[in-house]
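Have a look at the structure below before the remarks.
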Amino acid sequence: MANKIIFPDNFVWGTATASYQIEGAWNKHGKGESTWDRFTHTPGKIKNNDTGDIADDHYRLWKKDIALMKKLGLKAYRFSISWPRVLPAGRGKVNQKGLDFYSNLVDGLLKAGITPFITLNHWDLPQKLEDEGGWAVRSTAEAFAQYADVLSRTLGDRVKNWITHNEPAVVAWMGYGTGQHAPGLTDFSISLPVAHHLLLSHGWAVPVIRGNSSNAEVGITLNIPWAVAASNSRADLNSVRADEGRWFRWFADPVYGRGYPSDITLDFDKMGALPNGMNFVQSGDLDVIATPTDFVGLNYYSRHVHRAETPNNDPQIVFPKPQNPEHWTEMGWEIEPDGLVGILCRVYFNYQPRKVYITENGASYSTPPDAKGNVPDIHRVNYLRTHFAAAHRALQAGVPLAGYFVWSLLDNFEWSHGYSQRFGIVYVDYETQKRYVKDSAKWYKGVIKKNGF
Ligand code: IFM
């Protein structure tokens with residue numbers, strides 16, 4: 001029999017969600033329009049033209065969802081705030097009903113014994129701010145600091161764990177560079193100031209939150225794949241360097257006081273993304289961005305194998321056709337638990353964050369409920385088991401891993417894939433909004449209870 005894997009006392013076992021992916025109520029009770037509302041309401045942007053207008057109807061069903069979390073024994077819940085629900089114009093007048101929603105949610109969680117972890121920006125920027133230039137302009141970073149102030153002043157007495165941004169790389173590169181995400185722009189020369197203003201706003205928000213919330217811990221969540229080369233050829237190795245540099249180091253290096261990585265600056269320059277150099281970086285900005293944080297959140301899902309097949313050796317990830325659901329999730333993402341050990345060790349030993357959380361990890365499988373209402377999502381159980389074991393190996397190697405948030409509590413709106421991908425440990429019937437606890441959730445409940453498996 002395999003040895004038991006037991007996690008440290010007080011290990012934080014949670015699940016994560018994001019406002020636009022679950023809340024619905026896109027125009028209720030004074031909420032302003034977000035960039036994701038605008039994007040999904042534009043035909044042709046999202047698979048099946050799905051929108052988050054209703055999503056999991058969590059705005060209405062939040063009490064039931066907390067009861068569900070309590071039943072699963074979750075210790076913590078990571079959720080994000082819809083900025084335009086609280087500040088419809090992005091700054092200025094507060095929408096009290098929107099703020100009350102989150103205040104009640106926090107009270108409900110605390111009453112259920114669940115620790116709230118708030119993410120301030122999980123991508124749904126107020127459209128009003130986008131109309132003024134979005135993340136490409138510095139004033140949006142200033143507005144973010146005001147938004148952080150409103151939230152931490154109101155909830156900071158009860159919420160002690162704050163994440164400024166979720167995966168800023170995705171906003172910058174996919175929202176403004178490739179256009180697969182809102183606001184759907186396709187200009188890398190805009191992406192670079194976008195990335196900078198996201199990071200700057202993070203740096204400005206950290207002391208604001210600390211000032212409003214005594215003993216608060218503040219961090220940022222970055223996405224990081226396990227990038228490996230298909231061969232030892234210079235081109236393949238270069239592809240790994242360029243891709244992980246663009247997706248991870250471009251954000252982690254400045255947050256940890258190293259400034260922007262020069263090799264990637266060169267890459268951006270070569271691709272014409274820096275027509276005016278780095279003129280969006282003002283004096284003192286890099287010090288602001290490097291404001292010390294309490295933790296880093298890492299989102300890990302998959303391994304990326306790089307083969308530089310394109311004529312100009314652009315970073316290229318090889319995605320062979322998914323064959324076996326034990327090796328590939330339905331997103332077509334390759335499963336590699338060892339990659340989790342790899343990224344945790346790499347980030348900790350390289351950047352020395354005070355603490356690390358896995359703020360997202362999970363798998364998309366569409367397993368439906370059977371006639372009895374059970375959801376036998378065995379592949380997700382295997383995915384989680386092997387990744388939890390990997391996280392434990394990283395702990396043994398000395399990584400100060402403090403918690404693990406499974407993505408996601410509920411099946412939800414998976415961005416450009418609409419509702420076609422299901423990441424939840426709880427199945428959602430979108431017609432009836434009925435929730436079905438999947439086998440993975442039942443298994444996870446046991447892990448939390450035993451603090452291991
Ligand atoms: O659903 C997303 C989440 O919003 C951000 N990280 C990756 C998840 C799965 O694609």
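The values are calculated or read from the model by the stated rules, or taken from the named source; none is laboratory data. The structure displayed is predicted, hence computed values, not measured ones. No Cβ is skipped: glycine too gets one built from the backbone with ideal geometry, and neighbour counts run over all protein chains shown.
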Exercise for review: Answer yes or no: is there a residue in the stretch 203-214 that is of a type outside the set (D, E, K, R), more than 16 Å from the ligand (Cβ to nearest atom), touching a residue at least 60 places away in the same chain (Cβ under 8 Å) and out of contact with any helix residue (DSSP H, G or I) (no Cβ under 7 Å at 6 or more places or on another chain).
Suggested key: yes
Revision key, fill the gap. All-but-one check, Ala235 against (1) within 27 Å of Tyr348 (Cβ to Cβ); (2) at pLDDT below 95, failing number (1)
Check your understanding: Inside the stretch 243-312, counting only helices (runs of 4 or more DSSP H) that do not spill past its ends, which hold 3 or more residues that are crowded, with 18+ Cβ neighbours inside 10 Å and more than 23 Å from the chain's Cα centre (by Cα)?
Key -> 262-270
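Residue-by-condition table, conditions (1) at pLDDT 90 or above; (2) among the aromatic types (Phe, Trp, Tyr):
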residue	(1), (2)
Ser302	yes, no
His306	no, no
Pro311	no, no
Asn324	no, no
Pro337	yes, no
Val341	yes, no
Phe349	yes, yes
Val356	yes, no
Thr367	yes, no
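Could you identify the single residue in Ser152, Ser189, Ser213 that is more than 23 Å from Ser416 (Cβ to Cβ) and either among the aromatic types (Phe, Trp, Tyr) or out of contact with any Gly (no Cβ under 6 Å at 6 or more places or on another chain) (or both)?
From the options Ser152, Ser189, Ser213, the qualifying one is Ser152.
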Exercise for review: Return the total of residues in the stretch 119-128 being within 21 Å of the chain's Cα centre (by Cα) and away from the ligand (no atom under 15 Å from the Cβ).
Suggested key: 2
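So which residues in the stretch 333-346 are of a type outside the set (D, E, K, R) and surrounded by fewer than 22 Cβ atoms within 10 Å (Cβ to Cβ), if there are any at all? Give the derivation first.
Going through the stretch 333-346, the residues of a type outside the set (D, E, K, R) turn out to be 333, 335, 337, 339-345.
Trp333, Ile335, Gly342, Cys345 - these are the residues of the stretch 333-346 that are of a type outside the set (D, E, K, R) and surrounded by fewer than 22 Cβ atoms within 10 Å (Cβ to Cβ).
Only one residue in Ala216, Ala227, Ala205 is at pLDDT below 95 and either under 30 Å from Asp294 (Cα atoms) or surrounded by fewer than 17 Cβ atoms within 10 Å (Cβ to Cβ) (or both). Which one? Spell out how you get there, then give the answer.
Values: Ala216 fails: at pLDDT below 95; Ala205 fails: at pLDDT below 95.
It is Ala227.
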Review point. Within the stretch 126-239, which helices (runs of 4 or more DSSP H) (wholly inside it) include 3 or more residues that are polar (S, T, N, Q)?
Key: 138-155, 188-212
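The rows are residues; the columns are (1) charged (D, E, K, R); (2) crowded, with 21+ Cβ neighbours inside 10 Å.
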position: Ala141; (1), (2): no, yes
position: Arg153; (1), (2): yes, no
position: Glu167; (1), (2): yes, yes
position: Val171; (1), (2): no, yes
position: Met174; (1), (2): no, no
position: Ser189; (1), (2): no, no
position: Thr221; (1), (2): no, yes
Practice item. Could you look through the stretch 322-336, keep only residues that are touching a residue at least 60 places away in the same chain (Cβ under 8 Å) and within 15 Å of the ligand (Cβ to nearest atom), and pick out the one that is nearest to Lys47 (Cα to Cα)? Key: Met331
Exercise for review: Tell me which residues, restricted to the stretch 82-102, are at negative phi and touching a strand residue (DSSP E or B) at 6+ places or on another chain (Cβ under 6 Å).
Suggested key: Trp83, Pro84
Check your understanding: Can you name every residue in the stretch 1-23 that is within 21 Å of the chain's Cα centre (by Cα) and away from the ligand (no atom under 16 Å from the Cβ)?
Key -> Phe11, Val12, Trp13
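List the helices (runs of 4 or more DSSP H) that sit entirely inside the stretch 337-453 and contain at least 1 residues that are without any contact (Cβ under 8 Å) to a residue 12 or more places away in the chain, more than 16 Å from the ligand (Cβ to nearest atom) and touching a Leu at 6+ places or on another chain (Cβ under 9 Å). Steps first, answer last, please.
Numbers: elements: 337-351, 378-396, 439-450.
Counting at least 1 such residues, we get 439-450.
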Check your understanding: For the stretch 46-60, how many residues meet the condition of being within 16 Å of the ligand (Cβ to nearest atom), surrounded by fewer than 24 Cβ atoms within 10 Å (Cβ to Cβ), assigned to a loop (DSSP other than H, G, I, E, B) and of a type outside the set (Val, Ile, Thr)?
Key -> 1
Review point. Which one is nearest to the chain's Cα centre (by Cα), of the residues in the stretch 28-44 that are under 19 Å from Glu414 (Cβ atoms) and outside any helix (DSSP H, G or I)?
Key: Ser34
